[in-house]
Amino acid sequence: MATSPINRRTKLARGELELIERLARSDRLVYSPHMLAELFRAMRERKIYAQQTSYEDFLEFVLRRGHLTQIALHAPHYDETILRFCRGQATSFDIVATLRSSAYFSHSTAAYLNGLTNTLPSILFLNLEQSEKPKSSNGALTQASLDRAFSGKQRQSKLFYTYESLTVTMLSGKKTGKLGVESIAASSGRFFSATNLERTLVDLTVRPAYAGGIAAALECFRIAKARVSMDKLLQILDQLDYLYPYAQAIGFLAQRAGFSEAALHPLRGRISSLKFYLVHGLKNPAYDETWRIYHPRGL
């Protein structure tokens with residue numbers, strides 16, 4: 001027998017109240033299509049929605065009534081679109097954190113979360129670690145190979161998603177076992193996985209383009225100097241096991257940022273015989289003899 005209009009309206013009202021209560025009870029602010037479909041199926045199994053009600057009907061109702069808002073993040077280089085359904089309190093951090101469940105915020109985004117800048121970055125960086133790869137056996141680093149590696153522009157990820165003014169760059173970081181990744185509170189009071197203070201400073205040194213430029217990275221060092229543990233930073237640097245002598249770049253930035261001599265001392269012992277580069281693609285650079293490093297003039 002067909003459902004009467006009165007019963008249909010009653011079921012609709014009951015379904016809406018149940019949905020509102022379920023959303024209110026949940027800490028989740030952002031739903032993937034799969035999560036939202038699971039919620040709908042659970043409610044239909046409890047006969048809150050009639051069996052003939054489709055997911056498409058449910059979704060149209062939810063969006064029309066304003067219980068959730070749909071956003072579409074598009075990756076222009078890969079012709080890929082990711083849909084998310086958000087409650088009103090959802091921030092850009094809440095949305096981005098759902099894109100890859102095991103990823104974490106890094107670089108300038110982590111700098112913001114760690115209080116190294118008051119400006120919310122226009123690009124959010126989400127780092128998803130690669131699988132373990134065999135260590136390169138290219139032999140010892142030479143000045144010629146180092147010069148060659150830093151002569152051009154630094155490679156940057158082409159996988160990014162955009163939605164209105166939001167841009168999310170996806171990074172494929174080296175396998176570290178989430179070294180230096182902690183749960184850090186955003187201004188909303190919600191916690192997100194992000195690199196800690198010391199790991200963030202190392203990452204900004206290695207990839208200054210993801211800091212907003214080397215001047216922005218230097219400013220992060222200035223703000224961090226009263227809080228950073230140099231022992232902890234160097235432990236992280238050692239575990240990251242980079243081929244290039246980034247301790248020289250860290251020492252240069254730390255000295256320019258006004259770190260104490262006690263903080264600089266362990267870095268001085270790590271200066272190699274090689275002349276290093278603060279950034280890629282330098283033209284007519286200045287040279288710092290103390291840290292044996294080329295850097296932009298006027299920094």
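Where a number appears in this text, it was derived from the coordinates with a stated rule and is not lab data. Bear in mind that the values here come from a model prediction, so they are computed numbers and not experimental data. So basically every Cβ, Gly included, is an ideal-geometry build from the backbone, and we count neighbours across all protein chains shown.
Laid out as a table, the results:
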read-out: Residues of segment 48-81 classified as under 20 Å from SER172 (Cβ atoms) and in contact with a helix residue (DSSP H, G or I) (Cβ under 9 Å, 6 or more places away or on another chain), total; value: 1
read-out: Conditions (1) at positive phi; (2) without any contact (Cβ under 8 Å) to a residue 40 or more places away in the chain; number of the one not met by GLY212; value: (2)
read-out: Residues satisfying the stated conditions in segment 149-188, i.e. among the hydrophobic types (A, V, I, L, M, F, W, C) and in a strand (DSSP E or B); value: PHE160, LEU166, VAL168, MET170, LEU171, VAL181, ILE184, ALA185
read-out: Close pairs (6 angstrom Cβ cut-off, 6 or more residues apart or separate chains): without any contact (Cβ under 8 Å) to a residue 60 or more places away in the chain in segment 163-177, not in a strand (DSSP E or B) anywhere; value: THR169/SER157; SER172/GLN130; LYS175/GLU129; LYS175/GLN130; LYS175/GLU132
read-out: Any hit, segment 81-101, residues being more than 30 Å from GLN248 (Cβ to Cβ), in contact with a His (Cβ under 7 Å, 6 or more places away or on another chain) and free of Cβ contacts under 8 Å to residues at least 24 places away in the same chain; value: yes
read-out: Any chance TYR244 is under 23 Å from ARG148 (Cα atoms) and not in a strand (DSSP E or B); value: yes
read-out: Residues satisfying the stated conditions in segment 116-144, i.e. surrounded by 14 or more Cβ atoms within 10 Å (Cβ to Cβ) and of a type outside the set (A, V, I, L, M); value: THR117, PRO121, PHE125, ASN127, GLU129
